[in-house]
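For reference, the structure discussed in these notes is given below.
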Amino acid sequence: MIPGVDGFMYPNEIELQWGLLIVLYPYITGLVAGAFILASLERVFKVEAVRPTYRLALLTALAFLLVAPLPLQLHLGHPERSFEMYLTPHTSSAMAMFGFVYLWYLTVVLLLEIWLDYRADIVRMAQSTTGFVRLVYKALTLGSENVSPAARRIDDKVGYTVTVIGIPSAFLLHGYVGFIFGSVKANPWWSTPLMPVVFLFSAMTSGIAAVLLLYMASMKVKKMPIDMRCLDTIGKYLFYTFLIDFTLEMLDLVHRTYEADESFRSLDFMVHTRLMFSQIVLQILLGTLVPLALLAANQLWKFSEAQRRVMYITACLLTLVGIFAMRWNVVIGGQLFSKSFLGYTTYKVSFAAREGLFTAVGLMILPLVIFVVLVKLLPPWAERKSV
Amino acid sequence: MGLRRIFTDSGHLIRPAVVLTAGLGIFLIVRALVIPKAFGQYGHYRPAALDANRQRPIAYAGQNQCVLCHDDEAKTRAAGKHAHVACEACHGPLARHASDPAANLPKLPDVANLCRRCHEKDAAKPPTFPQVVTAEHSGGMLCNACHQPHNPHL
Amino acid sequence: MEISRRDLFTVGGKLLVLASVGATLEQITGAEPAPEAYKMADHWWGMIVDIDKCIGCGNCVRACSNENHVPGGYFRTWVERYQVSEVDGDEQPRVDSPNGAIDGFPPTTRAGLKSFFVPKLCNHCAHSPCVQVCPVGATFVSPDGVVLVDQSYCLGCRYCVQACPYGCRYLHPDTRTVDKCTLCYHRITQGLTTACCESCPTGARQLVDFKNPKDPIHEFLRHDMVQVLKPYMATGAKVYYKDLDGSVR
């Protein structure tokens, strides 16, 4: 009897290959894509109400995008060989192509858009600050200090175009991650054409929720008033996105249950035993149904500002937990059952190992640290002058 | 005039374009220097990997090697039921012995466990395969007390 | 006895002639001919596994481990024991593979069941899904049909381990690269057979070369009932099973 194994597993399947860090990776890239889509709501779709979060969303996306490769590097058996993906990318491999999508998104979309939007502020700060910070700002100007109205208008037009390109790029960024799983025919838990779409909508949900929370936190820290119209609008879009995400996930579930193919008996058993807490309790009940109820309530009835703030905070925190649980259920769940459909194994998260819990927590705190640095360097709001 | 105006106002856009192009250029140069030789010759892999996989040490000599010296045992075996059982199936990996016989003397097989591994009666084994319940069959005696391993049929 | 010089010359001469003829003959037909260069294009490797002959002795697993220094707890090949219920068609078979069957199996104790052994290994698929997903080209199908890993190039991302439907890949704990059955490439390119086939006492495992017109695979495919594992995956598996039961996963 092998500890942790019920029934039969192929001998090499007993130990999980993709662990907590690989759960973290789609979670982080999802936050990036979602934050960017929120930013594009204002820029491209002219939802003026969410303007206060535009720059914040871009900085959130950047902070998380910079951290995204780290869980992968820590997971690799030979991280020093990871540049091989750029040297000899195998074009039939979604993982290889993702390396280029990532670079494209980082440089041509995100960094360019941030630069174009912040240029006037960067030039101003390059002229008004001193010391080491001044050097940083000077470098960021890329040598041009032309901030005439005409130049700014061009920045605006180009920025608009970059955002328009950025939307499908963001879809590609996270859709690809979904495809990395969805295209593995060997694994029936992963292999579905719905996977990239489900990943994308859950990404948007988590990203919007993250920006909403960061906005409220930033306003609290900066002692600035929260724009409730902005918050309500974000809440509305969060509700719609989440609804679509939930519908898609239920569609997958219903479809599986109805068709009941060879894998169904095994997967059903796995969900009801090993994934009971993470899928039924965390993902569906607490992580989806409760936030949806809170958000739906706000669409149906009027609540006071204070009440709404509490509801939004609760809904967003639960959403972030729920979407993390969804990533866990896909990545870990996909490896808990045997490809023979005759057995199950267990995943034990280590604490202090390279791919352990402490590393994961560190990797989730790091983007917040980078975010704080970015906000200090490139303030999203006009500074209030004290009287 | 309008065109020159456009150039002045959008001149700063050249800068990120230059940065990106320079980055791309550096990448392409580094790639050309670092990419493994002859990659892609047979397919999307390093051809040197084929050689690396071929140059592993050998542990089992193969019965054709054994037979070159152990001619008598081979003849005995060929006449009996173990004719298709390779020497190293029972005697273990002996490539080192084959390359330097005196220096690498093999140990005799552990008869108590060796024969049983194949011939102990089991419901999952093909019914036509010769198998016995060894406790009843030999009453604890070693198999080679009666059976000659190279030609075991009595 | 007195030997005359004449006799010495006659006998000596004959001996010399005989020796040189013998030496020449040995050169032509000899026990150790000069090895021919191995040409990949002349071979397309696979394997036949005959379920009716497998006795679950585990020789193959031990041989592979010895030949290829397979780390303990990981398996390039293994044997599964199936115990199929004869009573209810809907029952799941009972399957076990104690430590990959490296020490054989404990006695089969369930009465009234159909039971048999199934050796498994990398199927060296012609349309391998593991090769398809490798991001850098560290695993590949060789020109002679063997799926190999480039140990100096593999990143250890384990995407191929996820993509293999048969569970034949693992991450080597020491090299931290992916490892798997190489069809004993270092042996078959020198005219030897694989370690598992060499040590199989019943001939349940046989190395085959599709490009060899005299290879038994051709008769086998023509006359016997043939299966590959998970045919619906369309992997182009080249390990062919004879008399494989439908319950085998």
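The values are calculated or read from the model by the stated rules, or taken from the named source; none is laboratory data. In this text the structure is predicted, and so the values were computed from the model without any measurement. Every residue, glycine as well, gets a Cβ built from its backbone with ideal geometry; the counts of neighbours run over all protein chains shown.
State whether the residues of region A:100-107 include one that is under 18 Å from A:Thr29 (Cβ atoms) and at the interface with chain C (Cβ under 7 Å from one of its Cβ atoms).
No, there is no match, as no residue in region A:100-107 is under 18 Å from A:Thr29 (Cβ atoms) and at the interface with chain C (Cβ under 7 Å from one of its Cβ atoms).
Which condition does B:Asp9 not pass, out of (1) within 11 Å of another protein chain (Cβ to nearest Cβ); (2) of a type outside the set (Val, Ile, Thr); (3) farther than 30 Å from A:Phe100 by Cβ; (4) surrounded by fewer than 15 Cβ atoms within 10 Å (Cβ to Cβ), if it passes all the others?
(4)
Determine, yes or no, whether A:Met204 is closer than 19 Å to A:Ala61 by Cα and at pLDDT 95 or above.
Spelling it out, A:Met204 is indeed closer than 19 Å to A:Ala61 by Cα and at pLDDT 95 or above.
For region A:339-358, state whether one or more residues are among the polar types (S, T, N, Q), in a helix (DSSP H, G or I) and surrounded by fewer than 17 Cβ atoms within 10 Å (Cβ to Cβ).
No, every residue in region A:339-358 fails to be among the polar types (S, T, N, Q), in a helix (DSSP H, G or I) and surrounded by fewer than 17 Cβ atoms within 10 Å (Cβ to Cβ).
The conditions are (1) crowded, with 21+ Cβ neighbours inside 10 Å; (2) assigned to a helix (DSSP H, G or I); (3) out of contact with any Asp or Glu (no Cβ under 6 Å at 6 or more places or on another chain), and A:Thr205 fails exactly one of them. Which is it?
Failed condition: (3).
Restricting to region A:293-310, give me the number of residues that are in a helix (DSSP H, G or I), surrounded by 11 or more Cβ atoms within 10 Å (Cβ to Cβ) and without any contact (Cβ under 8 Å) to a residue 40 or more places away in the chain.
The number of residues fulfilling the criteria is 5.
Output the number of residues of region A:141-198 satisfying the condition of being outside any helix (DSSP H, G or I) and either touching a Ser or Thr at 6+ places or on another chain (Cβ under 6 Å) or within 14 Å of chain B (Cβ to nearest Cβ) (or both).
Residues flagged as outside any helix (DSSP H, G or I) and either touching a Ser or Thr at 6+ places or on another chain (Cβ under 6 Å) or within 14 Å of chain B (Cβ to nearest Cβ) (or both) within region A:141-198 amount to 11.
Restricting attention to region C:230-243, and to residues there that are in a loop (DSSP other than H, G, I, E, B) and either closer than 15 Å to C:Asp209 by Cα or within 18 Å of the chain's Cα centre (by Cα) (or both), which single residue is farthest from the other protein chains (Cβ to nearest Cβ)?
My answer is C:Lys238.
Can you confirm whether C:Asn99 is outside any loop (DSSP other than H, G, I, E, B) and away from chain B (no Cβ under 13 Å)?
Criteria met by C:Asn99.
Return a yes/no flag: does region B:48-60 have any residue that is in contact with a strand residue (DSSP E or B) (Cβ under 6 Å, 6 or more places away or on another chain) and crowded, with 19+ Cβ neighbours inside 10 Å.
Yes, that holds for at least one residue.
Of all the residues that make up region C:145-177, how many are within 28 Å of C:Val248 (Cβ to Cβ) and either more than 8 Å from chain A (Cβ to nearest Cβ) or under 17 Å from the mean Cα position of the chain (by Cα) (or both)?
11
Looking only at residues that are part of a loop (DSSP other than H, G, I, E, B) and at the interface with chain C (Cβ under 10 Å from one of its Cβ atoms) in region B:84-115, which one is surrounded by the most Cβ atoms within 10 Å (Cβ to Cβ)?
My answer is B:Ala86.
Can you tell me which residue in region C:38-57 is surrounded by the fewest Cβ atoms within 10 Å (Cβ to Cβ), limited to those that are closer than 27 Å to B:Lys125 by Cα and in contact with an Asp or Glu (Cβ under 6 Å, 6 or more places away or on another chain)? Working first, answer last.
Initial filter on region C:38-57 (closer than 27 Å to B:Lys125 by Cα): C:46-57.
Add one more test, that the residue is in contact with an Asp or Glu (Cβ under 6 Å, 6 or more places away or on another chain), and what stays is C:51-52.
Working: C:Ile51: 19, C:Asp52: 13.
Checked region C:38-57; the qualifying residue surrounded by the fewest Cβ atoms within 10 Å (Cβ to Cβ) is C:Asp52.
Got a number for residues in region C:116-132 being within 12 Å of chain B (Cβ to nearest Cβ), under 24 Å from A:Pro79 (Cα atoms) and buried (at least 23 other Cβ atoms within 10 Å of the Cβ)?
1
Quick check: is even one residue across region B:54-64 among the aliphatic types (A, V, I, L, M) and at pLDDT below 95?
No; the residues of region B:54-64 include none that is among the aliphatic types (A, V, I, L, M) and at pLDDT below 95.
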